[in-house]
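To keep things clear, I will list the structure first and then write my remarks on it.
The values are calculated or read from the model by the stated rules, or taken from the named source; none is laboratory data. Please read these numbers as outputs of a predicted model, since none were measured by experiment. Because the Cβ atoms are built from the backbone with ideal geometry, glycine has one as well, and the counts that use them run over all protein chains shown. Quick note on the areas: whole protein, heavy atoms, side chains included, nothing else; ligands and nucleic acids left out. Shrake-Rupley method; radii C 1.70, N 1.55, O 1.52, S 1.80 Å.
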Amino acid sequence: MLLNLIYDAGICIYALSLLFYISDCVKRNRAAKRIGTGLLVVAALFQCGAIGIRVGETGTFPVFTSFDFLLLSSFSVTVTSIVIIFTRRAEFAALLMNIIGFCVMLLNGLLLTAGYNPLESWQTVHGLLMLHIALASVSFTALTVGAVFAGMYMFLHRKLKHKKWNDIIRRLPSLEILDKYSYFALLTGTPVLILSLVIAVLSIATEGRWTLLADLKVLSTAVALGIYIYYFVRRHLHRRSGLETAVWALIGFGFIVLNFFLNAWSEFHRWSGV
């Protein structure tokens, strides 16, 4: 099957790219970084090719199954990591993003299979659901970036507090810059998450399936959104430290990841990957 061949080839190239990036992060190696970047671009092209095949198979933009959602999410993370590569002193952020993207792509290929759109009973809001899922993918990518920089902030803060200096510390951005990058990523992802949730509620309202508002996945998404709103409240109104807000950023991302695993108990999301 062509899709399987392209997908497996993409995973292999992604793994090679990671090896070169790890080599550069362990010890500065510009050649390894350039090769890793080139391989990452090729991996993104293979992901794009897989999405194109799914478009041909389903006749629509593929977002309605768990496999398609994770494929789109891994592609978004990969493209974002390519952009981060060209950010000054962000090699480790790019590496972490690549590890996340690779893990999503690998687990998707191992645990899930491509299928067809099961939303036969939701045809009147088909477009709204497509937009809802696409926005959820974009939000996931932005919140992933925010979590990565928040985690790096906590790592650097701990090292500086204990006065542990090494080459890794010297290659990281300052605490102020890490906090800023995390903040702007969350500032992007949170409104997109809100918009995605609003569109989901509109879809439910249009179909008249009001009981789904009490669905476990809808409620858990609302909790995750509440955590991110609390993050901004603590940051702006209470003027909390970057360390405390970084912790809340990671807690919020933990709920976002947990959300996906709640699909098996969700009536609204059992058919999809969001």
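Miscellaneous remarks
- Within the option set 40, 45, being in a helix (DSSP H, G or I) and either in contact with a Cys (Cβ under 9 Å, 6 or more places away or on another chain) or surrounded by fewer than 16 Cβ atoms within 10 Å (Cβ to Cβ) (or both) holds for one residue only, 45.
- Which numbered condition residue 80 fails, given (1) more than 23 Å from residue 128 (Cα to Cα); (2) within 17 Å of the chain's Cα centre (by Cα); (3) without any contact (Cβ under 8 Å) to a residue 40 or more places away in the chain; (4) open to solvent by 30 Å² or more (accessible area, probe 1.4 Å): (3)
- Whichever residue in segment 236-267 is small (Gly, Ala, Ser) and open to solvent by 30 Å² or more (accessible area, probe 1.4 Å) and, among such residues, is modelled with the highest pLDDT: 254
- As a summary of the residue check, residue 12 satisfies the conditions (1) touching a residue at least 12 places away in the same chain (Cβ under 8 Å); (2) assigned to a helix (DSSP H, G or I) except for the one numbered (1).
- Candidates 159, 163 - the one that is surrounded by fewer than 17 Cβ atoms within 10 Å (Cβ to Cβ) and not in a helix (DSSP H, G or I): 163
- Scanning segment 206-220 for residues that are of a type outside the set (Asp, Glu), in contact (Cβ under 8 Å) with a residue 40 or more places away in the chain and under 21 Å from residue 252 (Cα atoms) yields 216, 217, 218, 220.
- So residue 180, is it in a helix (DSSP H, G or I), over 30 Å from residue 89 (Cβ atoms), of a type in the set (Lys, Arg) and within 19 Å of the chain's Cα centre (by Cα): no
- Exactly one residue out of 72, 3, 18 is within 22 Å of the chain's Cα centre (by Cα) and within 26 Å of residue 134 (Cα to Cα): that is 72.
- Any hit, segment 219-234, residues being over 24 Å from residue 182 (Cα atoms) and in a helix (DSSP H, G or I): yes
- Which numbered condition residue 19 fails, given (1) open to solvent by 50 Å² or more (accessible area, probe 1.4 Å); (2) in contact (Cβ under 8 Å) with a residue 60 or more places away in the chain; (3) over 28 Å from residue 126 (Cα atoms): (2)
- Single match in 182, 203, 196, 174 (criterion: of a type in the set (Gly, Ala, Ser), under 25 Å from residue 255 (Cα atoms) and either open to solvent by 50 Å² or more (accessible area, probe 1.4 Å) or touching a Phe, Trp or Tyr at 6+ places or on another chain (Cβ under 7 Å) (or both)): 182
- The residue pairs whose first member lies in segment 176-188 and is farther than 17 Å from residue 236 by Cβ, whose second member is part of a helix (DSSP H, G or I), and whose beta carbons are closer than 6 Å, counting only pairs six or more residues apart or on different chains, are 178/149; 178/152; 178/153; 181/149.
- Out of 192, 223, 233, 247, sole residue that is out of contact with any Pro (no Cβ under 8 Å at 6 or more places or on another chain), under 24 Å from residue 127 (Cβ atoms) and not assigned by the TED database to the domain that holds residue 25: 192
- In segment 48-74, the residue that is nearest to residue 170 (Cα to Cα) out of those that are open to solvent by 50 Å² or more (accessible area, probe 1.4 Å) and in a helix (DSSP H, G or I) is 48.
- Residue within segment 237-249 that is in contact with a Phe, Trp or Tyr (Cβ under 9 Å, 6 or more places away or on another chain), among the β-branched types (Val, Ile, Thr) and closer than 23 Å to residue 130 by Cβ present: no
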